[in-house]
Amino acid sequence: MHNFAVNIKEILKKRHEHLPKVLQEIERWSTLDSEISLLEGVVQELRDHPRTPNQLKDGLRDFQTNELRKKIADALALLRVVEARFSRTTINIGVSGVARVGKSTLLQSISGLSDEQIPVGKGDPVTAVRSRIFHSKSNCRATLLLHSFESFRDLVLRPYAFSLGLNVVPDSLGAFRTWTYPQSEDDLPKEFQTHSNSTMLVRLLAMQKALPSYQGDLSGGERIVGFEELRPFVAYPLHEDEPRRYLAVRDVKIECPFPKVQVESLGIIDLPGLGEIAADADNYHLNGLQNEVDLVVLVKRPLEGMAFWKTEDGKTASLLDKARGFVKNRRDFVFVLINSGGADLELCASLRKSIRMLANDGEEGKNFLVLEADAADQVSVEENVINPLLAHLSMRLPVMDQDVLEGTKADYISLTSMILTSLKDIESVLTCVSTISPSTAEDLEHRGEELRKDLAASLGDLVVKLRSQARSSEETPEYLSAIDLAYEEILSWISNGFGVGLDAWQSKALRSMQAEHNSSPFAATELNRIRVEISNRYCSIDNFFNSRVNNLWSEIAAIFRKGIGELASADDGKKVLKQLRTLMNDASEKCPTLCAAIDDLLALRLEYRTHLHPYVRRELDRLNLQVMDTESGEYKDQIVVAVSEAGAEELYRRITALAEQAAYYTRRALIREAVIPALVLHAAAEQFDDSLIRSGDSLREFKRLARSYHDDIWPGVFNGIIDTNARFAKVIRAIRTIREQLGTLDVGEK
Amino acid sequence: MANQLLYKIGVVGPNRVGKTSLITSILKDTQTLLSNTSLSIHPEGKPTKLRLDRHRKELEGSLYAKEFNPGGLKGTEEPFKFELMIDPGMPEMGIRLGLLDYPGGWIDDERRPEGREKDWNECLSWINESSVLLVPIDSAVLMEADQSRYQRAVPWILTTTEVEDIARMWAKERKQRNREPALLILCPLKCESYFTDNGGQRDESKELFDKVSKAYSGLLKSVRDEASHCKIIYAPVDTIGCVEILSAKWKEEINLPGGFEFSANYLVRNPGKQNVLGADAVLIALCKHLVEAKQGVAVEIAREHQSKAVTAKERAKRDEGFFTNIWLWLNGERDLRNKIAVMLDKKSRDDLKRVLDMDEVINQLSKKVYGSRVHEL
Ligand SMILES: Nc1nc2c(ncn2[C@@H]2O[C@H](COP(=O)(O)OP(=O)(O)OP(=O)(O)O)[C@@H](O)[C@H]2O)c(=O)[nH]1
Ligand SMILES: Nc1nc2c(ncn2[C@@H]2O[C@H](COP(=O)(O)OP(=O)(O)OP(=O)(O)O)[C@@H](O)[C@H]2O)c(=O)[nH]1
Ligand SMILES: [Mg+2]
Ligand SMILES: [Mg+2]
């Protein structure tokens, strides 16, 4: 027993793990739905516009999304069912079967409740309302879900009216009260005059007549009632004229401590008899079932005249298939229970046999597993019904869940391909029909080509200019002055006692030397500090580098602006390039290659640390205290002074000399490498030129650019001639959005 | 005196390039080279001795207190012939080296003071008669010219055009005397910062070589074109050795033809004592030169003996200069040998030994491999 409880908890936990994915799918399909409706809008706009060529109009004439959107709605409904299934906090077992087979008796046995809460009776059908019963240690209550008039009308009155061939239903309680229904079968439309309809009509009239007894309950919402007042809400009345409050009840939920099977998270659902005469009752109950139950027990009672597998039973089983949904095996989902309580043994045997032969095609358990128990006996029910069912569920429920997931998935995979087909249809119409006149299209193509040629020429000039700069032995004066500035600052820093002042430095040196009894530790630290300082100060030439890079950007931006006019009009080069990049990315026809070229160009960096420091680093090695003796190969301190005031002075002189020398030689090395910035810039420009102009997609993308931004690049030239293009582009964009959305669907995974 | 071989060596370079320093270094390094041999080298005559002393004192002064002040060495004001004697210990034998020093400014026509044409022409004749030409080169100017505007000033500072003109003149003369060996030595000076063999930490010797080759490519071409038999060696010399560049400055000077004046600050390397390096290459080159010359002359003499004898007087008329010099020297040597060979006294035998020893030392030196700095071009 305990084991089952644990299992149920775990199954539920696993089940919840599917939930986020399902919710995500719901979200996606909802988005797709609105995107498809958007597509429809823009297609309509294009189709209905007077300037759209007729050929295109004709091609788009047939496009409509109703079908697709209905399918999406279905898929969403399905997903919501799955969502309900996976978010349920209980495992529910439905108890079904024709009237009077002992369903309620079975529930009484399980719940320990009495006739007052779960009515059973002799003769006429008793259970009027579906009840869900849950084990609860702490609660003992019944919660009614009540109809409003509207739901009563739609779910109860309308099916009756429909079955009787009456097309209009009252739209208010008052209208219903005084509504004129046919009073007998003869008043019904000819083709609806059947025996069962006459019974149905009787019931409908009874409902109208009894309205005063339940109209007060048509409040909608929930109501908690005591067990002692429950019966009128769930049972049919014994006599015609008694109140029919059950008509106002959609559903009742009962919580109470079960005497035997104390499994939390287990719900048992008592379904009113199927195959009942009430209009549409079967469908009504089954619709609920698909959301609500994980397994159904079909109860059979071997009474005289019922002790065999009837045609109705087959029908009921088929009806249950609906509730089964995507669960693959009927065996998993439907159990037959032979309620042997108080029944004749022979009849039991013959029922058993009949079930084997007819329901299971002669093979025990082929289509249905068969249970046998005395519904009125708590022990028998526990042992022969609940325990075997829980065992089954703990094995098979995960499989059923998987079936459901896959079934749902298969459903929207086919939907996906339907949508794709539709998109392709529009696209093929769009590509067959040019929205612009051939001559305009040609002109635009030509302009795209010319634009590219112009850019190519100017970029080529720029590259040549940069190449000659890179080859020139002449240093850039700004570079030299940037270096000179840093150099002068370093020299003055050195001569100001390395930033601390001469006297302070010397007395610090002396103190340290006295403490350490030699000059090396202080000298080593100072030399290191000086090395770092010099290196850092030369970093200031990055300002110059930045300006060079900005210059390059500006020059290239200027080249673009010559070609594309007001399209990108920011006031500095970098901004213009960024604008261009965005424009190319957002173009109705994207230009990824051009975009990437600009990205690369914008990523260009020229930095002292990266580009020059490696070349000059060794000059700073002069500032290592230890130097290698070139003859002996041994390292020794290059400065050793006496521990005295004079020593401190000498140390200052020597370190000053080394620092100046290092600063000087670093400067010299920087100047010797003066060509590096020019080389880097030239390489960057050449690379840009290559990827912008000479890459395989260049020409195609320039044409795209021309088509996408013709009005900005050549304002006025194409006025009106190709504004259809904008509408055209909108359709393309809408299609692309849908495609992207479809692309994100998780369809491949098991 | 008659058997002493006079070796005239010409030096060509602008002022402040280091001519005087190079000459004194050659003496110093040669002394080292000849220690432990039977030969010695010393200044010949008092003026040379005084001049060398003065130079040494000035250098010491410029290296005072572990600081180096390039201004401490005075420029040369008057032409001066340094005479050095490689002495086997026999008064009438030996090799006299004559090096003519002059104010470097004189090679530039515009900077030569009025009225010194005659003196300058004498200098030029000396150079013409020299079979060896030393070209001292200011390495620092070449190496520290890190910007193109400074690089443009370099030929002006090094006066490469003037140096090339004189070298071409010298080479033309060598062509005339194509039977006598000719030797051109490019001597980069002030190059201690670019080598690691004398206390330096940074090896930029390759760049130095490239820069010298480039800056003096015109000179090299002229000499090769004019005198194809001329030997050329590249021999960087540290005349001080214990200094290195701390920083360098290029000061804009509109009045200078190059537009810039170059100056360098130096620091003094430990232990702060002069340490000449590389000047031995000059003597080694001279010895190689000499041995080669001797061989040439010996062949000549043998040929002449087989045909009819040519008197010294006739030869002197026909063929002046170094070749005659060697011819006479070798004749003298041979005569001396013949003379001593018949006089069997001890002094004569000692003298003979000295002559043979000197021959041997020169032979040995001529076989010596140059130091790693030196390139034969
Ligand atoms: N002795 C005995 N009587 C039973 C058993 N099961 C059902 N009955 C009787 O059969 C009659 C019908 O039982 P219910 O439990 O009301 O049947 P039901 O299937 O709920 O009928 P509806 O609610 O009308 O669909 C009642 O009189 C029960 O007492 C049983 O196992 N043993
Ligand atoms: N650092 C360094 N300095 C040198 C070297 N050789 C010469 N100098 C310096 O160069 C300067 C000129 O040297 P000199 O030898 O006087 O030059 P010079 O060619 O004789 O000059 P003039 O007599 O004016 O023609 C002096 O300050 C020398 O100390 C060297 O190898 N290294
Ligand atoms: Mg019942
Ligand atoms: Mg001089």
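The values are calculated or read from the model by the stated rules, or taken from the named source; none is laboratory data. Only a predicted model underlies this, so the values are computations on that prediction, with no experimental measurement involved. Cβ coordinates were reconstructed from backbone atoms using ideal geometry, including for glycine residues, and neighbour counts include every protein chain displayed.
Exactly one residue out of A:ASP321, A:ASP361 is assigned to a helix (DSSP H, G or I) and out of contact with any Leu (no Cβ under 7 Å at 6 or more places or on another chain): that is A:ASP321.
Listed here are the residues, each with its yes/no results for (1) in a strand (DSSP E or B); (2) within 14 Å of chain B (Cβ to nearest Cβ).
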residue	(1), (2)
A:HIS613	no, no
A:SER632	no, yes
A:LYS636	yes, yes
A:ILE639	no, yes
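Could you go through the stretch A:584-598 and let me know if any residue there is more than 14 Å from chain B (Cβ to nearest Cβ), acidic (Asp, Glu), in a loop (DSSP other than H, G, I, E, B) and over 35 Å from the mean Cα position of the chain (by Cα). Within the stretch A:584-598, not a single residue is more than 14 Å from chain B (Cβ to nearest Cβ), acidic (Asp, Glu), in a loop (DSSP other than H, G, I, E, B) and over 35 Å from the mean Cα position of the chain (by Cα). Please determine whether any residue of the stretch A:146-156 is modelled with pLDDT under 90 and touching a Leu at 6+ places or on another chain (Cβ under 8 Å). Yes, some residue in the stretch A:146-156 is modelled with pLDDT under 90 and touching a Leu at 6+ places or on another chain (Cβ under 8 Å). Residue check: A:ALA75 meets all listed conditions (1) within 16 Å of ligand 1 (Cβ to nearest atom); (2) more than 19 Å from A:PHE335 (Cβ to Cβ); (3) under 41 Å from the mean Cα position of the chain (by Cα) but one, namely (1).
Can you name the residue in the stretch B:201-210 that is in contact (Cβ under 8 Å) with a residue 60 or more places away in the chain and not hydrophobic (A, V, I, L, M, F, W, C) and, of all such residues, is nearest to A:ARG618 (Cα to Cα)? Only one residue fits best here, namely B:GLU204.
Exactly one residue out of B:LEU99, B:LEU158 is touching a helix residue (DSSP H, G or I) at 6+ places or on another chain (Cβ under 9 Å), away from ligand 1 (no atom under 16 Å from the Cβ), in contact (Cβ under 8 Å) with a residue 12 or more places away in the chain and under 18 Å from B:GLU83 (Cα atoms), and it is B:LEU99.
Where helices (runs of 4 or more DSSP H) sit wholly within the stretch A:120-227, those with at least 1 residues that are farther than 30 Å from A:SER109 by Cα and among the polar types (S, T, N, Q) occupy A:149-152, A:158-163, A:195-209, A:211-214. Could you tell me whether A:ILE110 is at pLDDT 90 or above and surrounded by 15 or more Cβ atoms within 10 Å (Cβ to Cβ)? So A:ILE110 fits the description; yes.
Consider A:LYS71 carefully, then state whether it is in contact with an Asp or Glu (Cβ under 7 Å, 6 or more places away or on another chain) and among the basic types (Lys, Arg). Taking the combined requirement at face value, the residue does not satisfy it. Taking the numbered list (1) more than 30 Å from A:GLU488 (Cβ to Cβ); (2) within 14 Å of chain A (Cβ to nearest Cβ); (3) aromatic (Phe, Trp, Tyr) in turn, B:TYR216 passes all entries but (2). The one condition from (1) away from ligand 4 (no atom under 16 Å from the Cβ); (2) buried (at least 16 other Cβ atoms within 10 Å of the Cβ); (3) aliphatic (A, V, I, L, M) that B:ALA65 does not meet is (2). None of A:ASP443, A:ASP454, A:ASP484, A:ASP461 is on the phi < 0 side of the Ramachandran plot and within 14 Å of another protein chain (Cβ to nearest Cβ) except A:ASP484.
Across the stretch B:1-51, which residue is farthest from ligand 4 (Cβ to nearest atom) among those that are of a type in the set (Gly, Ala, Ser) and under 14 Å from the mean Cα position of the chain (by Cα)?
The residue in question is B:GLY10.
Of the listed requirements (1) near ligand 2 (Cβ under 9 Å from one of its atoms); (2) surrounded by 14 or more Cβ atoms within 10 Å (Cβ to Cβ); (3) closer than 29 Å to B:LEU246 by Cβ, B:GLY75 misses just one: (2). B:LEU184 meets each of the listed conditions (1) touching a residue at least 12 places away in the same chain (Cβ under 8 Å); (2) within 14 Å of another protein chain (Cβ to nearest Cβ); (3) not acidic (Asp, Glu) apart from (2). Residues that are in contact (Cβ under 8 Å) with a residue 12 or more places away in the chain and among the acidic types (Asp, Glu) within the stretch A:201-240 comprise A:ASP217, A:GLU222, A:GLU228, A:GLU240, listed in sequence order.
Selection of the stretch B:235-267 for residues being within 26 Å of the chain's Cα centre (by Cα) and within 12 Å of another protein chain (Cβ to nearest Cβ) yields B:VAL243, B:GLU244, B:ILE245, B:ALA264, B:TYR266.
Mind checking which residues of the stretch B:29-70 are of a type in the set (Phe, Trp, Tyr) and either in a loop (DSSP other than H, G, I, E, B) or touching a residue at least 40 places away in the same chain (Cβ under 8 Å) (or both)?
B:PHE68
Only residues that are in a strand (DSSP E or B) and within 19 Å of B:GLY296 (Cβ to Cβ) were counted in the stretch B:176-214, giving 2.
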